[in-house]
Amino acid sequence: MKKILKIIVLFALAYLFIGCQPQTLIVGRSTMNPVFFDQLDLKREHYEILKTVTAQAKVTITETMGGLRIVEENNEFEALINGSKVDVKSGVLKFGYLANDIGRTSKVTTSPGIIKAKQSVQTYVPNDPETIARRLAKYRLINEAKAMGGDGVIEPVIASDIAVVNKKTTVIKTTVAAKVIVLKTDR
C-alpha cells in the first residue's frame, strides 16, 4: 500500500512540475511609425505621398459556457477569452502597432523545476475583442504599406463598428486608413 501511495505522490509531483508550464503562443507582430503633418520636418521634395491604403479586420464574438469565442471572418484564428486568460484554439494572432501604441507585448516568467527554475517568455495577448480587431487591422495596414514600399504612414484614421447580431453574438469590424509616405533617398 505504501508503494502505491509513493507512486501516486511521484506522479502528482511530476505533473505539478511538468504540467504547469506556460502555453507558448505564436503571435505575428509588426510596427510602423505614423507621421502627422505638423511633425513632418521635411521639405516637399524630400518625400512622396503614394496613396491612401485601407485595411480591415472583422471578428465575430460568441458567448459560450467557456467564455467569449472570437473567430476572424476568414478563419485565420479562433481564440477563447475567459477572464484575463486568452487561449488560441487555432491559427495565428497577428498584431500591428503604430508608433507608441505597442505597449506590453511579453513578459518573462519563472516556474519551479525539479532541478532548477525555468524561465520562459509569455506573450501578452489583449483580452478585449475590439483591441484584437484593431491590432489585426493595423497589422494588415502595415503589410499593405510595406508592399507599396512605404517608409511610414501619415495620419491614420481608425474606426470600429460593433453590431449585435443576437443575444450571444457580436461582430466587430475595424477599418484603418492612412496615406503611405516614401522618403526620397540619395542614390
Please give the number of the condition residue 118 fails out of (1) among the basic types (Lys, Arg); (2) surrounded by 13 or more Cβ atoms within 10 Å (Cβ to Cβ); (3) at pLDDT 85 or above; (4) farther than 30 Å from residue 183 by Cβ. (3)
So residue 125, is it open to solvent by 60 Å² or more (accessible area, probe 1.4 Å), among the hydrophobic types (A, V, I, L, M, F, W, C) and either modelled with pLDDT of 90 or more or more than 11 Å from residue 98 (Cβ to Cβ) (or both): no
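Results for (1) without any contact (Cβ under 8 Å) to a residue 12 or more places away in the chain; (2) touching a helix residue (DSSP H, G or I) at 6+ places or on another chain (Cβ under 7 Å); (3) not small (Gly, Ala, Ser), shown as yes or no for each residue.
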site	(1), (2), (3)
44	yes, no, yes
51	no, no, yes
59	no, yes, yes
63	no, no, yes
75	no, no, yes
80	no, no, yes
85	no, no, yes
88	no, no, yes
91	no, no, no
Among the residues listed as 157, 176, 182, the single one being in a strand (DSSP E or B) and open to solvent by 40 Å² or more (accessible area, probe 1.4 Å): 157
Selection within segment 67-96 - closer than 16 Å to residue 137 by Cα and either of a type in the set (A, V, I, L, M, F, W, C) or outside any strand (DSSP E or B) (or both): 70, 71, 73, 74, 75, 76, 77, 92, 93, 95
Just to be sure before I move on: is residue 111 touching a Lys or Arg at 6+ places or on another chain (Cβ under 6 Å), hydroxyl-bearing (Ser, Thr, Tyr) and at pLDDT below 80 in the structure I sent? yes
Return a yes/no flag: does segment 21-31 have any residue that is closer than 19 Å to residue 174 by Cβ, modelled with pLDDT of 80 or more and not hydrophobic (A, V, I, L, M, F, W, C). no
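The values are calculated or read from the model by the stated rules, or taken from the named source; none is laboratory data. Everything quoted here is computed from the prediction, not taken from an experiment. Counting neighbours? That spans all protein chains shown, and the Cβs are built from the backbone with ideal geometry, glycine included. To get the accessible areas, we keep the full protein, side chains included, count just its heavy atoms, and leave off ligands, DNA and RNA. Shrake-Rupley method; radii C 1.70, N 1.55, O 1.52, S 1.80 Å.
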